[in-house]
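The values are calculated or read from the model by the stated rules, or taken from the named source; none is laboratory data. All values derive from a computational prediction rather than experimental measurement. Reconstructed Cβ throughout: ideal geometry from the backbone, glycine too, with neighbour counts over all protein chains shown. Accessible surface areas use protein heavy atoms only, side chains included; no ligands, DNA or RNA. Shrake-Rupley method; radii C 1.70, N 1.55, O 1.52, S 1.80 Å.
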Number of protein chains: 2
Amino acid sequence: MGKVDIQQLDDVANLLRIDSIKMTCAAKSGHPTSSCSAAEIISTLFFNEMKFDKTFPKNPSSDRFVLSKGHACPVLYAAWHQAGHVSTTDMMNIRKITCDLEGHPTPRLDFIDVATGSLGQGLSCAAGMAYVGKYIDKASYRVYCLLGDGECAEGSVWEAAAFASYYKLDNLVAIVDMNRLGQTQQTMLGHDADAMAKRFESFGCHTVVVNGSNVIELLNAYNIARETKDRPTAIIAKTLKGKGIIGIEDEDNWHGKPVPESTIEAIEQRLMNKADIAGTLQINLPVNDAPNVQLPIGHIKMTPPEYTIGDKVATRQAYGIALAKLGDACPRIIGLDGDTKNSTFSENLLKKHPGQFVECFIAEQNLVGVAVGLQCRDRTIPFASTFAAFFTRAADQLRMAAVSFANIKCAGSHVGVSIGEDGPSQMGLEDIALFRTIPGSIVFYPTDAVAAERATELAANTRGIAFIRTGRPACPVIYGNDEKFEIGKGKIVHDANKPKALIIGAGITLYEAKKAADKLHSENVEVIVMDPFTIKPLDKDLIVKSARRAENRIITVEDHYQAGGIGEAVCQAVSDQKDIRVRSLFVLDVPHSGPPDALLEKYGISAKCIIDAVHQFIHPPN
Amino acid sequence: MGKVDIQQLDDVANLLRIDSIKMTCAAKSGHPTSSCSAAEIISTLFFNEMKFDKTFPKNPSSDRFVLSKGHACPVLYAAWHQAGHVSTTDMMNIRKITCDLEGHPTPRLDFIDVATGSLGQGLSCAAGMAYVGKYIDKASYRVYCLLGDGECAEGSVWEAAAFASYYKLDNLVAIVDMNRLGQTQQTMLGHDADAMAKRFESFGCHTVVVNGSNVIELLNAYNIARETKDRPTAIIAKTLKGKGIIGIEDEDNWHGKPVPESTIEAIEQRLMNKADIAGTLQINLPVNDAPNVQLPIGHIKMTPPEYTIGDKVATRQAYGIALAKLGDACPRIIGLDGDTKNSTFSENLLKKHPGQFVECFIAEQNLVGVAVGLQCRDRTIPFASTFAAFFTRAADQLRMAAVSFANIKCAGSHVGVSIGEDGPSQMGLEDIALFRTIPGSIVFYPTDAVAAERATELAANTRGIAFIRTGRPACPVIYGNDEKFEIGKGKIVHDANKPKALIIGAGITLYEAKKAADKLHSENVEVIVMDPFTIKPLDKDLIVKSARRAENRIITVEDHYQAGGIGEAVCQAVSDQKDIRVRSLFVLDVPHSGPPDALLEKYGISAKCIIDAVHQFIHPPN
């Protein structure tokens, strides 16, 4: 780096302010004051500290920048404008439907890795990127994450800090823009920067408190961070909200609204380099030391399943076996878990390929956030696992993963009442609903071990957010090892002539449905039993075709609550079909602890309950 | 308190160990080692420190105890056994379907206030209880929360700690059972009690580090906590997992499984008082200084809405108006928000009744957890509000609120693409699905201001978890102030002779449906438009009756994703009806930023899209 032009960095900060004000005035909405507090942080990062390739923002060797306080995106857009990558026209079209400079950043923009705007999530993603940089890419790039002070009330920030220090991520720098003011009032810590620093320090970060509007202090802090080994650095930058805007700086009631455009004048007057300085700005190019990675998505071949039909294997166990095999096939398959790895069987990957596994401890928000960070720029394919119920802890992170168009795989074990004695707090009963809501997601619900292995392989080979729902109990293998599985293709596992109803079950309830079918057959009542394999997409064609054969009757049965589950998905799939009727069995109430079989019975999803439902359907009481 | 019998407390601890081992052996599952590490903590709390009424565990004046590490419930059940409240028979039936001593604690037991078992949630609930004790009941009872060290990786713990110190909850004591071992490996901090203390200290707690197996040190720590003013105390109790079990103590691979019953022998030998000491145990009775509260649920009368048909009012604004009115009517209506109170309009209550409002800052997990704590023992009726999207951050807390059979009300604003420019991160598009999954929940989706006020009133007057979905845009009032609303009763807002289809919309899409109906009428195509008012329960009768009148065609239209939304709920409701067909309009993809009207159009839920759908439905293309 050459001699630092402090005045230029001050000037750039003010130019960023001016552009932030201008673009939010043009949009008639947005967050100029939250942008202005961060102007020097951004000017120093982009035009002195960071190494990046403005012509190819996704360069794998470039330093990463995550704007965790996503609402301050005007200042970020302004920085990329100063860098010459965002046009004036685009900038002035911020928040319009035709322009990808959205109200909060999304990876529709080539210089955004992860969507932000739900606060407190950026540091987890940044930590994931830093983990890849240090341990997987083993490259020199660094990761900078800008947080607001208000969002430090989110626990996920502290999950990320603990993770980053545990894994000694000295390539990660968190910068807190401590501008004192939240949306509606002063934050909990106000301007007590030392108290904030103490928090980061206690979570294992090296900390530096600076005046966040002072370019020299900021540059010095970045230097300290670069020299700090074996732990991340948190820079607590004391700033003022609306800094530089006369009459608005440090005042309440200016969150998330444009300021008068006339306020620009005073800022312009403070500029020393009145001429356009864009061309003269220093941008440090990256050191191209990140390895070339071409993820073989679509071509990751796992060795075939090796089961014997009838052997009892839990699908969670088969998931673990498949994950380890995928790890053999591709060194960029990474497993993550939340201290449940011996329950989800993700430990199989850890045992075989310790370098491809990240223990995230009991912090599911961070687990998912780190996974999102790991997949950025296609560096890895992360498989995150925990109990299905505990993915609800990361529902917002999963929602945002969709906005990030992320390529992550989640495996949730211990679903439904069939887990038994541990009771309702441990039972995944809304996980299908949760993952079905995610745009473009795939929801696998493999019934046996062969299906579970293939689901895992298909998840690895299909871009996007996939969920694999696995069960606790060991159940018989029903498919041959050479059975072919496809996303969106179900299977008929029990068929007969002149069936009276189609029964759709998955996992434990498919076994119950098969039992019911056998029993009904002995009573001369024939049914079809279907295994949907994926609940999303659902094999509508097979459902409709089979229902038509079965006197237009469908019974769904699932170890899950009703809303958003298999039953509703099936009802939706046949909703435009005349004549087809659907009845659904599902868990209605908060379940009790107890033995799995007794719970299946009590909550109305056992073979016996299915048989009763079939009888009632075909012989309605008068 | 009389003279402390240290030996007795040691003996009780060992009796708790013995019972924990016995009951998990009987159940063939459970967590004896996690129980044993906490035995002295529990014996000292229950038989020296705490004041409670063993014959009436829900006594409002009693000290509260929250077992955040819910899997250690055997030791808690054993304590209530020693107190004489749980029978030996029940204790030996733990985890059976017939016994409410479940695998993790739930309020099916009279001595449990909140369900635990999803880790890291207890301290938020405890903080809510302590808030009530200090500021609302203004009583002397204290709140004790026992956490595991592993669960301190959950960010929600730190949200709760920050909240508790911000509100100076010196009646709250967090005790961390730092037994070093998680489920699958050593925790992040291992036995570094000072590092753990530093974290709690930095979050504003007074901290004491003790040997958690030493009765005298524990009693001393409780004393310090009682003498600490204006901040909560965190006691870091260094313990050993499986403490006292020979060959198992402090060893890996003993999480969540019974230990050999023979290990009891050595523990029994350590007992000094071999005889049954249950009768001699000291239990301190509460000081009965909590006010008598009878929540008038079912009788809280709000002054009627005062709107003019056609005036434009956002439902979020009407929510705020109603909330303030409820605050007038009942001093135990408490509003909570996550620093969005000027957006959700919950600030109306704060302005009118500052003592009935709790700002929870940007920490939605804790927001919901505190609400659950506030409602315990029917002390208050909490209304928690934030953007609907951000309730996903607390999805696990909401799931557990259901297991707690909690009486909480959530109001989520800024739903759907109709919020416009702020973009997808701020749009609630899965909130209906989230709240519909909760067993027994009520999901209100009021369309206009009158309906929103009535929804708020009905929520206050109906026990359970209720969600009120409010919108950002100001839309015309369509109902008269004297319109009657009922849970589960929809309304026909547009009718005609010989209708060709029933259109079901809510909120912004009801207005679009009405516009579509008017336009279709001008083309001589008649439709019925229905406002369901509550999405759960759904007015199935009105839907079926109206669809039958409308040539069996239903079109649903919602500003929400498909899964678990209005469309699927309607499909489910009519699934057993022959002939009725349903088509659904919903948001399919991750939306973009843009003006609301343009987004309604782009995502296929505008009046024009409805009109097209009606035409296609009644005149299918060849």
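Summary of computed values
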quantity	calculated
Extension gain, residue B:56 back to residue B:280 (0.36 nm per residue minus Cα-Cα distance, nm)	78.7 nm
C-alpha long axis of helix A:215-227 to longest principal axis of chain A, angle in °	50
Protein accessible area in the range A:475-516, 1.4 Å probe - carbon and sulfur %	46
Distances in nm from residue A:440 to the matching label points in the other copies, shortest first (labels 7 Å along Cα to Cβ)	4.0
Simple label model, 7 Å out from Cα along Cβ direction - residue B:294 to residue B:495, nm	4.2
Accessible area (Å², 1.4 Å probe, nearest 10) - residue B:229	130
Distance between the range A:121-144 and the range B:393-448 - C-alpha centres, whole angstrom	33
Principal axes of the range B:311-477: Cα extent on each, largest first, Å	41, 32, 27
For the range A:496-529 and the range A:285-304, distance of Cα centres in Å	45
5 angstrom amide H check on residue A:503, placed H, neighbours 5+ away	A:528, A:529, A:530, A:555
Solvent-accessible area of residue B:80 with every protein chain in place, 1.4 Å probe, in Å² to the nearest 10	20
Solvent-accessible area lost in complex, 50 Å² minimum, residues of the range B:345-375 relative to chain alone, 1.4 Å	B:361, B:362
Phi-based couplings in Hz for the range A:404-421 (Karplus 6.51, -1.76, 1.60; Gly and Pro marked x)	7, 6, 7, 10, 10, 10, 10, 10, x, 9, 6, 8, x, 5, 5, 6, x, 5
Residue B:65 long-range amide H proximity, modeled H, under 5 Å	B:144
Length-normalised contact order for the range B:491-618 - Cα pairs under 8 Å, 6+ apart - percent	28
Two-site label geometry, residue B:223 and residue A:523: point separation in nm, points 7 Å out along Cα→Cβ	7.1
Cα-only Debye scattering, chain A: base-10 log of I(q)/I(0) at q = 0.07, 0.09, 0.10 Å⁻¹	-0.49, -0.74, -0.87
Listed residues B:50, A:272 arranged by accessible area, highest first, probe 1.4 Å	A:272, B:50
Amide hydrogen neighbours beyond the local backbone of residue A:336, cut-off 5 Å, H modeled	A:358, A:383, A:384, A:385
Per-residue ³J(HN,Hα) for the range A:52-64, Karplus 6.51 cos²θ - 1.76 cosθ + 1.60, θ = phi - 60°, Hz, x for Gly and Pro	7, 10, 5, 8, 9, x, 8, 3, x, 8, 6, 4, 9
Within chain A, helix-based [θ] at 222 nm, where runs of 4 or more DSSP H residues each add -39,500 (n - 2.57), nearest 500	-10000 deg cm²/dmol
Nearest-0.05 FRET efficiency for residue A:541 and residue A:619, computed from C-beta distance (R0 25 Å)	0.30
Cα pair count fraction exceeding 62 Å, expressed as % - the protein assembly as shown	7
Other copies of residue B:615: label-to-label distances in nm, shortest first, labels 7 Å along the beta-carbon direction	5.3
In nm, spacing of pseudo-spin labels at residue A:4 and residue B:270 (7 Å Cα→C-beta vector)	5.8
Accessible area of residue B:280 in the full protein assembly, 1.4 Å probe (Å², nearest 10)	90
Largest-first ordering by accessible area, 1.4 Å probe, given options B:377, A:17, B:549, B:463	B:463, B:549, B:377, A:17
Helix axis angle, A:155-166 relative to chain A longest principal axis, alpha carbon, degrees	80
Area projected by the alpha carbon convex hull of the range B:6-269, averaged over all directions, nm²	12.2
Extension reserve of the residue A:257-residue A:579 stretch, reckoned as 0.36 nm per residue once the Cα distance is removed	110.6 nm
Shielding by partners, peptide B:158-165 (average Cβ within 10 angstrom, other chains)	4
Chain A, relative contact order in percent, only Cα pairs under 8 angstrom and at least six apart counted	12
10 Å Cβ neighbours from other chains, averaged over peptide B:387-395	6
Acute angle (nearest 10 degrees) that the helix B:193-202 long axis makes with the longest principal axis of chain B, alpha-carbon atoms	50
Order of exposure, largest accessible area first, which applies to A:518, A:422 with probe 1.4 Å	A:518, A:422
Exercise: per-residue mean of other protein chain Cβ atoms within 10 Å, A:579-589	3
Of all accessible heavy-atom area on the range B:1-96, the percent that carbon and sulfur account for (1.4 Å)	52
